[in-house]
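The values are calculated or read from the model by the stated rules, or taken from the named source; none is laboratory data. As the structure is a computational prediction, the values presented were derived from the model and not from experiment. Quick reminder, even Gly has a Cβ in these numbers, built from the backbone with ideal geometry, and neighbours come from all protein chains shown. Note: areas computed on protein heavy atoms with side chains; ligands, DNA, RNA excluded. Shrake-Rupley method; radii C 1.70, N 1.55, O 1.52, S 1.80 Å.
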Amino acid sequence: MDRQAVDRRAVLDEAVDVINRNGVLLGIRPSLLSTVAAKLHRSEREVSSLWPSSEAMRGDILLALAREGLYNRADDATLISTWNFLASHASDLATGDGRRDVLTRLIALVAQHNFEAVTTSMPWRNYVVCSVGAAESEALSETLTAELRRSENSFLTHMAHFYENVLGQIGFRLNDRLRHNHRAFAVSMAAVIEGLGIVRRSVPDILAATYGGADDADLSIASLLVTVLLDGLIEEDPHYDAEAAIRRLTEGLEFESVEP
């Protein structure tokens, strides 16, 4: 190609082609180390000497970013507020209509919180970037992928137990479509909420509007889609003991911390 004929468009086209084949590399600003060292009142050399190489340090920073974002997806405050909601509506569980209302409102509450708080946070955005991006070396990319997979599986296991306990407390269970696999249900919930979080910037007007029918006209799209998900995957538990459940909720439940 004639050197004089090369223009900006050609450069951009070739750059996009290379990136599409290799992926966008995750990077850390060179000034980060000096900023961190200054905050710790240490020299850059003291800080960097804690790792065998600068690549190892950057790898640990990326892993820490990803883990923080993953942890924030299921913070204790959110899950505890769910149990508080159940306790305050325990008497509604005495009837089938009451249980259905509690289920809808509870899941809508969780969905709305995750959509408004979690998917707008910088830790969650960092997690998304780390989960889909490629690190500066193949070895670091493999390590990051393996660590994220381990943490993701731990998170899903925790959330699966959470959903199983919550559904059981209010008289519902998964139907045969998911073969009673609560991990699959946790993935389904996350896919809806976090998928909406990703497209939030491109279609904010749609996500900010309210939807629903005559009985639920003020639902966000997040709450509406989760409600549709529930209708397709949840059924009433014929063996549910309402009196025992109300008693457990009234007397209090033990809650375990999240450790993804």
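Descriptive notes on the structure:
- For the residues LEU156, LEU167, LEU148, LEU140, the requirement of being farther than 30 Å from LEU26 by Cβ and of a type in the set (A, V, I, L, M, F, W, C) singles out LEU167.
- Residue that is open to solvent by 20 Å² or more (accessible area, probe 1.4 Å), out of contact with any Cys (no Cβ under 9 Å at 6 or more places or on another chain), over 30 Å from LEU93 (Cβ atoms) and not in a helix (DSSP H, G or I), where the choices are SER202, SER154: SER202
- ASP101 being part of a helix (DSSP H, G or I), out of contact with any Lys or Arg (no Cβ under 8 Å at 6 or more places or on another chain) and farther than 24 Å from PHE162 by Cβ: no
- Of all residues in region 97-113, those satisfying the criterion of being open to solvent by 30 Å² or more (accessible area, probe 1.4 Å) and not hydrophobic (A, V, I, L, M, F, W, C) are ASP97, ARG99, ARG100, ASP101, THR104, ARG105, GLN112, HIS113.
- Within region 67-91, being at pLDDT below 85, surrounded by fewer than 17 Cβ atoms within 10 Å (Cβ to Cβ) and among the polar types (S, T, N, Q) holds for one residue alone: SER81.
- Criterion violated by ARG183 - all others in (1) within 23 Å of SER121 (Cβ to Cβ); (2) within 17 Å of the chain's Cα centre (by Cα) satisfied: (1)
- Residue match in region 58-66 (condition: open to solvent by less than 70 Å² (accessible area, probe 1.4 Å), in contact with a Leu (Cβ under 7 Å, 6 or more places away or on another chain) and free of Cβ contacts under 8 Å to residues at least 60 places away in the same chain): no
- Sole exception among (1) of a type in the set (A, V, I, L, M); (2) open to solvent by 40 Å² or more (accessible area, probe 1.4 Å); (3) in a helix (DSSP H, G or I) for LEU50, by number: (3)
- Residue list for region 120-151, filter: part of a helix (DSSP H, G or I), over 27 Å from PHE185 (Cβ atoms) and open to solvent by 40 Å² or more (accessible area, probe 1.4 Å): MET122, GLU138, ALA139, GLU142, THR143
- Selection of region 167-187 for residues being in a helix (DSSP H, G or I) and either open to solvent by 30 Å² or more (accessible area, probe 1.4 Å) or in contact with a strand residue (DSSP E or B) (Cβ under 9 Å, 6 or more places away or on another chain) (or both) yields LEU167, GLY168, ASP176, ARG177, LEU178, HIS182, ARG183, ALA184, PHE185, VAL187.
- Screening the candidates ILE221, ILE206, ILE198, ILE170 for the property of being at pLDDT 85 or above and in contact with a Leu (Cβ under 7 Å, 6 or more places away or on another chain) yields one hit, ILE170.
- Tally of residues being open to solvent by 80 Å² or more (accessible area, probe 1.4 Å), modelled with pLDDT under 80 and touching an Asp or Glu at 6+ places or on another chain (Cβ under 9 Å) across region 1-42: 1
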